[in-house]
Amino acid sequence: MLYSGYMKKKVYSGIRATNRLHIGNYLGAVKGMLTVQEDYDCIFSVVDLHAITTPYDTKILQTNVREIIIDYLAAGLDPKKCLLEIQSQIPEHTELAYLLSTIYPVSRLEDLPTYKDKKAQYPKYVNMGLLFYPVLMAADIMLYKGELVPVGIDQEPHIEVTREIVRKFNSMFGETFPQPHRFNTEGEYVPSLTGNGKMSKSVEGSYITLTDDLETIRKRLANAPTDSGKVGGQIERDKEGVGALFTLLYLFTNKQDGSLDHIYEKYENEYRDKTIRYSQMKEELANLIFNELQPLQEKRKYFEEHPQEVDEIIAESREKCLIRARETIQEVKTKMGLIYR
Ligand code: TRP
């Protein structure tokens, strides 16, 4: 089958190339990507230019980029249905980002919670790229005229910035870009195994990676906090501590066909009745997670053993992305008066 997405709704999403993917990325972003690739014209990117705004190791950046492409393929993103992009291989991203930066106020960028968080996290590494981050992200989406963006809820402020830039551009230079919206997925908030906050690559002990075997998953879950089991009442999934465990169980049992509902209900009832045994719950949860990851791990092995196939997929996608990116840049530069018309 030929790639034939031009008339469909356009989707763009990216994952920072900072580390291997964990189940938080899988539930929060990749699963959404799997759903939309069936019906829409999709580009999924590894955003390496965003990754270098925070401290990183030049020696492993390329490995990380490659690993995420393989994770994408292993998870079921299908190069016949979507394009897989490595952001820095399409220089038009930075070109468009610069052009857009001239129509957006610095003060708005300085006020963004994501920028403030990063500033607090790396006080000695507050570079221009960090401030520019949302403009580059807007350029990513706008370069391909993206309309839907499957990302976690924490990215909403950046999508809002993108919409503001779209409106500003359209009003200054004529209708050019659609206003993008975030595409919601069920697992948009995946809790940390530490029991507080969100699962994150940068917090040790908070995550399960897509390549963990059953034993590793068991070990990681063993450290997740529980309580005496004698609290009783209705479990609150958004509570810190044991709530995280229930949220994970919920995310891995909540299937569309309802086939695993009884497992979640069983533990919910035991919690209420003060008969819950957390070791048993963790064992069952470890099995559920591993069952979901196992097919991905087998597919990953295939791509690891066929590196040339991966190279070809990347090269073909790149060519198609370049054509579309150049079209947008031509249009933008013409509208902005940078090319004679
Ligand atoms: N900022 C996003 C994140 O941290 C990554 C990203 C960069 C992105 N550019 C994008 C996501 C464009 C969606 C669309 O998750």
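The values are calculated or read from the model by the stated rules, or taken from the named source; none is laboratory data. As the structure is a computational prediction, the values presented were derived from the model and not from experiment. Cβ atoms come from the backbone with ideal geometry, glycine included; neighbour counts cover every protein chain shown. Side chains are part of the model used for accessible areas, which takes the heavy atoms of the whole protein and leaves out ligands, DNA and RNA. Shrake-Rupley method; radii C 1.70, N 1.55, O 1.52, S 1.80 Å.
Could you identify which residue out of G232, G28, G241 has the top mean-square fluctuation in a GNM of the chain using Cα springs shorter than 10 Å? Sorting by GNM fluctuation, first place goes to G232. Working from label points 7 Å from Cα in the Cα-to-Cβ sense, the K168 to D257 distance is 5.0 nm.
Surface composition of the stretch 214-299: carbon plus sulfur atoms contribute 45% of the solvent-accessible area (1.4 Å probe, protein chains only, all chains present). When the pairs K81/K145; K80/K299; K59/K198; K10/K116; K219/K282 are compared against a 20 Å limit on Cα-Cα distance, K59/K198; K10/K116 fall above it.
Take each peptide in 192-199, 105-112, count the other Cβ atoms within 10 Å of every residue, and average; sorted highest first, the result is 192-199, 105-112. Normalised by 2.2 N^0.38 Å, where N is the number of residues, the C-alpha radius of gyration of the stretch 101-253 stands at 1.33. Given R0 = 22 Å, the distance between the Cβ atoms of T176 and I323 translates into a calculated FRET efficiency of 0.75.
Cysteine residues of the chain whose Cβ has no partner cysteine Cβ closer than 4.7 Å: C321. Computed from the C-beta positions of E316 and K239 and an R0 of 56 Å, the FRET efficiency is 0.75 to the nearest 0.05. Rounded to whole Å, give me the distance from the Cα center of the stretch 248-294 to that of the stretch 300-333. The stretch 248-294 and the stretch 300-333 have Cα centres separated by 39 Å. Rounded to whole numbers, the Karplus 3J(HN,Hα) couplings from phi for the stretch 328-341 are 5, 4, 4, 4, 5, 5, 5, 5, 7, x, 8, 10, 4, 10 Hz, using 6.51 cos²θ - 1.76 cosθ + 1.60 with θ = phi - 60°, and x at Gly and Pro. Apply the a/c threshold of 1.5 to the C-alpha gyration tensor of the stretch 1-100 and tell me whether it is rounded, prolate or oblate. Because a/c hits 1.5 or more and a/b fails to exceed b/c, the stretch 1-100 counts as oblate. Computed with every protein chain present, the accessible area of I153 is close to 80 Å² [probe 1.4 Å].
Using a cutoff of 8 angstrom between alpha carbon atoms and counting only pairs six or more residues apart, the relative contact order for the stretch 189-341 works out to 21 percent. The modelled label-to-label distance for the pair D273/S107, using points 7 Å beyond Cα in the direction of Cβ, is 6.1 nm.
3J(HN,Hα) along the stretch 230-243, derived from phi through the Karplus expression 6.51 cos²θ - 1.76 cosθ + 1.60 where θ = phi - 60°, amounts to 10, 7, x, x, 7, 5, 9, 5, 8, 6, 5, x, 5, x Hz, with x in place of Gly and Pro. Computed with a 1.4 Å probe over protein heavy atoms only, the accessible surface of the chain comes to 48 Å² per residue.
When you restrict to C-alpha pairs under 8 Å that are six or more residues apart and normalise by the size of the stretch 56-150, the relative contact order lands at 30 percent. Note on the chain: with a GNM built from Cα contacts shorter than 10 Å, the maximum mean-square fluctuation among N25, N170, N64 falls on N170.
Centre-to-centre separation between the Cα atoms of the stretch 34-109 and those of the stretch 127-192: 13 Å. For the listed peptides 31-40, 258-267, 129-138, a ranking on the average number of other beta carbons within 10 Å per residue, highest first, reads 129-138, 31-40, 258-267.
Let me know the shape class of the chain, please: from the alpha-carbon gyration tensor, a ≥ b ≥ c as square roots of the eigenvalues, rounded when a/c is under 1.5, otherwise prolate if a/b is greater than b/c, or oblate. Prolate. For E85, the residues whose modelled amide H falls within less than 5 Å of its own, excluding neighbours fewer than 5 places apart on the same chain, are F44, S45, V46. Rounded to the nearest 20, the size of the Cβ-charge dipole of the chain about its Cα centre is 800 debye, with Lys and Arg at +1 and Asp and Glu at -1.
Loop-located trypsin sites (Lys or Arg not before Pro) in the stretch 49-95 (DSSP state other than H, G, I, E, B) with a sparse environment of at most 12 neighbouring Cβ atoms within 10 Å: K80.
The mean sequence separation of alpha-carbon pairs under 8 Å and at least six residues apart, normalised by the residue count of the chain, gives a relative contact order of 21 percent.
Only the Cβ atoms of Lys and Arg (+1) and of Asp and Glu (-1) were treated as charged; on that basis the dipole of the stretch 214-299 about its Cα centre amounts to roughly 260 debye.
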